[in-house]
Amino acid sequence: MAVLQPLIDLAEVCYAQGIRHVVISPGSRSAALTLAFSRHRGFEKHVVMDERSAGFIALGIAQQLNQTVILICTSGSAAYNYAPAVTEAFFQQISLLILTADRPQEWIHQLDGQTIYQAEIYGKHVKKSFTIPSDYGHKDALWLINRTANEAAILAHSKPYGPVHINVPIREPFYPENAEELIPSADVRIIKKVETESTLPVETWHELLNEWDDAERILIAGGQHQNSEILNLALSKITEELDVPVVGDSIANQKGNQSFITYQDLFLADADTEKLRPDLLITYGLSFISKAFKQFLQKNPSIRHWHISEDSHVVDTFFSLTQIIPVSPDNFFSSIFEKIDYQLFVQGSDPENDSSYKKTWTGYDLKAQSLLAEYLENLSLLNDLTSVNFVINSLPDGSQLHIANSMPIRYVNALGNRVSHLEIFANRGTSGIDGCVSTAIGAALINKKTTFLLVGDVAFLYDRNGLLIQPLPDNLKIIVLNNSGGNIFRMIDGPASLPELENYFETRHSFTAKRTSEDSKIEYFQVNDFDGLEREIPLFLNTNKTSLLEVFTDPSENAKSWKGMKSYIRSNW
């Protein structure tokens with residue numbers, strides 16, 4: 001008999017804790033886990049043979065649902081292949097529950113197959129790591145397994161969200177007989193955690209409002225954050241009625257107000273930064289893309305800096321942090337506007353902060369926007385910058401755009417509010433190129449929206465195994481910028497001038513996405529010039545199945561246009 005009842009009950013605990021999606025990679029040692037979840041009727045199962053892709057597909061699903069997704073793999077190096085996705089989920093605060101099958105403890109380092117040191121394999125990149133017993137004979141072992149399953153599920157979905165790992169040593173035999181049923185125990189114990197919403201005491205609000213009143217120049221800056229109508233409405237009211245500039249990269253998803261500052265990446269290098277330095281900086285969200293913005297705040301630190309975050313880490317990116325305010329951005333900005341607005345109404349007064357400060361930021365933003373438009377209008381050749389601009393303007397309102405790292409995210413960020421009609425996602429937790437295809441696949445499996453991925457050729461080739469999932473979602477559309485290598489190394493100082501550029505940095509290649517598309521039954525389009533792009537983009541957008549548009553560009557022309565854009569803005573400032 002090989003019915004491992006505690007593992008069947010583990011699946012039931014996860015279901016009772018609200019988990020509904022499981023991403024499974026095939027393997028033998030993990031058979032008992034796979035069967036426990038696959039035979040449970042409450043889960044939606046996704047089978048992905050490559051664990052590295054599986055991790056990112058799970059991340060994409062969890063990112064869309066804002067719920068925990070389970071990963072299951074066999075023992076050995078399979079578990080290590082989850083590491084890039086686990087790390088990204090940790091820094092992007094996405095909820096995953098990783099179940100890695102393992103050999104029993106006594107067989108580690110005894111030359112047994114698929115046996116490595118799996119306990120705490122992900123180090124500090126998980127919220128917590130557990131290893132459950134491999135022997136189920138004692139009631140305390142059963143108690144521990146049940147308690148661990150409940151604790152891990154609760155922890156993964158407690159703010160800040162993140163990955164949690166359970167290592168599961170499993171003894172043979174672990175395949176049930178054909179006639180054996182896998183039924184959860186009647187007395188499976190479920191431990192629930194009551195959800196609460198963080199609020200600030202009245203005394204704290206008084207202190208914060210006093211600091212607000214003392215500041216003449218107030219700047220709000222958003223890092224990576226999912227689109228939130230509540231947050232964007234509150235920020236719109238603050239910038240319009242209180243004359244406070246609101247700045248955000250494309251991944252901040254600040255929508256619905258043309259007053260938001262979006263071209264900071266283009267103008268801060270040439271602006272009079274003393275005029276833009278804040279007295280009070282209020283930040284929220286995760287990472288910022290714009291290096292110019294980060295350097296500006298690091299070189300011009302604010303007197304006071306509030307960071308709105310329910311994270312327990314002290315994040316002091318700009319060398320100026322004075323207050324961590326542990327509430328959600330939705331809650332904070334909605335509340336502070338209401339309190340200030342009421343205070344001004346009662347006093348019959350106008351805001352005391354310097355309204356010219358917002359005008360200065362807005363003036364720089366509008367000028368950068370105008371210069372960028374002039375520059376783009378004068379470009380006649382197809383290159384990465386012009387093709388991204390054309391594609392972005394062609395995408396329908398409300399679409400999701402997933403963006404790979406390296407140059408694609410930089411192109412999009414430079415386009416400022418030209419992407420405000422799109423919901424933006426990018427793996428900026430670690431900012432690696434791995435997993436971008438798989439993440440977009442995971443998102444498209446769930447969101448039922450038209451889901452676009454903008455990706456460079458190297459990142460696409462690096463993550464092709466995500467396309468092995470069957471069936472691929474019909475709502476997924478991929479745009480590949482193929483410049484035959486890692487074109488970013490022509491853009492940045494250092495490698496661009498080295499004789500080793502092509503061989504050791506760009507790693508030139510002759511691969512295309514055509515055969516990959518054929519193998520994956522993806523409808524394929526390719527363009528080499530503007531006429532081709534204008535002709536093919538409507539066909540690409542109107543297909544009702546998974547499709548891929550490959551845009552071929554010249555790396556030297558790409559570098560010329562990117563550097564030319566910055567030179568044009570600088571020389572006309």
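Observations on the structure shown:
- Here the 3J(HN,Hα) profile of the range 179-195, calculated from phi with Karplus coefficients 6.51, -1.76 and 1.60 at θ = phi - 60°, is 7, 7, 9, 10, 10, x, 4, 5, 10, 4, 8, 10, 9, 9, 10, 5, 7 Hz, Gly and Pro shown as x.
- One quarter of the surface of the convex hull around the alpha-carbon atoms of the range 5-169 equals 8.5 nm², the direction-averaged projected area.
- Put in order of Cβ neighbour count within 10 Å, fewest first, the listed residues 37, 530 become 530, 37.
- Angle between the chain longest axis and helix 355-377 axis [Cα atoms, degrees, rounded to 10]: 80 degrees
- Relative to the compact-globule estimate of 2.2 N^0.38 Å, the Cα radius of gyration of the range 38-115 comes out at 1.20.
- Point-charge dipole on Cβ atoms (K/R +1, D/E -1) for the range 379-571, about Cα centre, debye to 20: 420 debye
- A straight Cα-to-Cα reach below 16 Å connects residue 566 with the aspartates and glutamates 265, 270, 365, 374, 377, 384, 493, 557, residues fewer than 8 places away in its own chain not being considered.
- C-alpha center-to-center spacing [the range 176-247, the range 335-393] in angstrom: 25 Å
- Full extension of the chain between residue 536 and residue 183 yields a length gain of 121.8 nm, computed as 0.36 nm times the residue separation minus the alpha carbon distance.
- Overall, the chain carries a charge dipole of about 760 debye about its Cα centre when +1 sits on the Cβ of Lys and Arg and -1 on the Cβ of Asp and Glu, all other atoms neutral.
- Partner aspartates and glutamates for residue 299 [C-alpha distance under 12 Å; skip if fewer than 8 residues away on the same chain]: 274
- In this rough spin-label picture, where each label sits 7 Å from Cα along the Cβ direction, the residue 511-residue 544 distance is 3.4 nm.
- Selection from 107, 295, 461, by position along the positive dipole direction of the chain (Cβ): 107
- Angle between the chain longest axis and helix 436-447 axis [Cα atoms, degrees, rounded to 10]: 80 degrees
- Kirkwood hydrodynamic radius of the range 73-196, from inverse mean 1/r over distinct Cα pairs, in Å: 15.8 Å
- Relative contact order of the range 5-169, defined on C-alpha pairs under 8 angstrom at six or more residues apart (%): 25 percent
- Sites residue 298 and residue 431, calculated FRET efficiency, Cβ-Cβ separation with R0 22 Å, nearest 0.05: 0.75
- In Hz, Karplus ³J(HN,Hα) per residue of the range 17-31 (6.51, -1.76, 1.60; θ = phi - 60°; x = Gly, Pro): 7, x, 7, 10, 10, 10, 10, 10, 10, x, x, 8, 4, 8, 4
- Mean ellipticity per residue at 222 nm, deg cm²/dmol - from DSSP H runs of n ≥ 4 across the chain, formula -39500 (n - 2.57): -12000 deg cm²/dmol
- In nm, spacing of pseudo-spin labels at residue 241 and residue 196 (7 Å Cα→C-beta vector): 3.1 nm
- Residue 248 long-range amide H proximity, modeled H, under 5 Å: 222, 261
- Sorting 52-58, 366-372, 89-95, 187-193 by average packing, meaning the other beta carbons within 10 Å per residue, from highest down gives 52-58, 89-95, 366-372, 187-193.
- Given charges at Cβ of Lys, Arg, Asp, Glu: the chain dipole, positive-most of 489, 511, 425: 511
- Peptide ranges 549-562, 241-254 listed from the most packed, as the mean C-beta count within 10 angstrom indicates: 241-254, 549-562
- Taking 25 Å as the straight-line reach from the Cα of residue 45, the lysines in range (excluding those fewer than 8 positions away in the same chain) are 127, 128, 192, 448, 449, 477, 521, 545.
- Shown for 498, 382: other C-beta atoms within 10 Å of each C-beta, ranked fewest to most, produce the order 498, 382.
- For the range 184-226, radius of gyration divided by Kirkwood radius, i.e. Rg to Rh on alpha-carbons: 1.36
- Semi-axes of the equivalent ellipsoid for the range 379-571, Cα gyration tensor, largest first, Å: 25, 19, 16
- Evaluated with a Cβ-only charge set (Lys, Arg +1; Asp, Glu -1), the range 5-169 carries a dipole of roughly 360 debye about its Cα centre, given to the nearest 20.
- Crossing angle, helix 83-92 versus the chain [Cα axis fit, 0-90 degrees, rounded to tens]: 50 degrees
- Where N is the number of residues in the chain, Cα Rg divided by 2.2 N^0.38 Å: 1.05
- Here the range 155-278 is treated as a sphere whose radius is the Kirkwood value from Cα pairs; by Stokes-Einstein at 20 °C and 1.002 mPa s it diffuses with a coefficient of 106 µm²/s.
- Dipole of the range 255-368, positive direction: furthest Cα of 284, 307, 366, with charges on the beta-carbon: 366
No lab work stands behind these numbers, since they all come straight from the coordinates. As the structure is a computational prediction, the values presented were derived from the model and not from experiment. Every residue, glycine as well, gets a Cβ built from its backbone with ideal geometry; the counts of neighbours run over all protein chains shown.
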